[in-house]
Amino acid sequence: MRAPLRALGLGAAVLLLGACFSEEPTTGPGNGEDVIVEMTPALTFEPRHVQIRAGQTIRWRNTSNFPHTATGDPALAFNLANVRLPDGAPVWHSGDVAPGSSYARTFDVVGMYTYFCVPHESSMVGTIEVIP
């Protein structure tokens with residue numbers, strides 16, 4: 001009977017230690033650091049959806065071998081469904097982000113944003129939720 005109890009104790013200790021040393025999420029409100037979104041070779045933003053607090057910065061990192069953009073400007077969209085900005089939010093466009101480079105932008109206006117990559121608009125669309 002002693003061995004199963006010891007195993008149970010070890011399992012509980014492993015679970016407890018795992019909870020104590022779990023990683024902070026890279027997306028989400030309140031972590032005080034840039035939220036990272038990767039521009040991938042699969043022509044996606046990863047993660048596709050992020051939630052941040054007003055005043056936080058998102059940093060898009062291009063991990064592919066060709067340029068991408070992070071664009072929240074209806075004038076540059078082929079499909080207007082790929083862009084949505086809250087009232088009062090300024091438009092933005094990163095320009096080409098070269099492979100291995102990054103682009104950062106701070107979001108101050110609360111609301112839902114939909115953005116896209118200009119050359120890969122058919123597959124690279126992401127959303128940002130900015131909360132107070």
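Whole number please: convex hull volume per residue, Cα atoms of segment 46-98, in Å³.
Expressed per residue, the convex hull around the Cα atoms of segment 46-98 is 111 Å³.
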For q values of 0.13, 0.15, 0.16 Å⁻¹, compute log₁₀ I(q)/I(0) with the Debye formula on a Cα-only model of segment 22-132, without solvent.
-0.42, -0.57, -0.65
When only alpha-carbon atoms are used, what values of Rg and Dmax, in angstrom, describe segment 78-132?
11.9, 33
Loop chymotrypsin sites (Phe, Trp or Tyr not before Pro), segment 66-132 (other Cβ atoms within 10 Å of the site Cβ: 15 or fewer; DSSP):
PHE78
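Read-outs: derived from the displayed coordinates by stated rules, not from any lab. In this text, all values refer to a predicted model and were calculated from it rather than measured experimentally. No Cβ is skipped: glycine too gets one built from the backbone with ideal geometry, and neighbour counts run over all protein chains shown.
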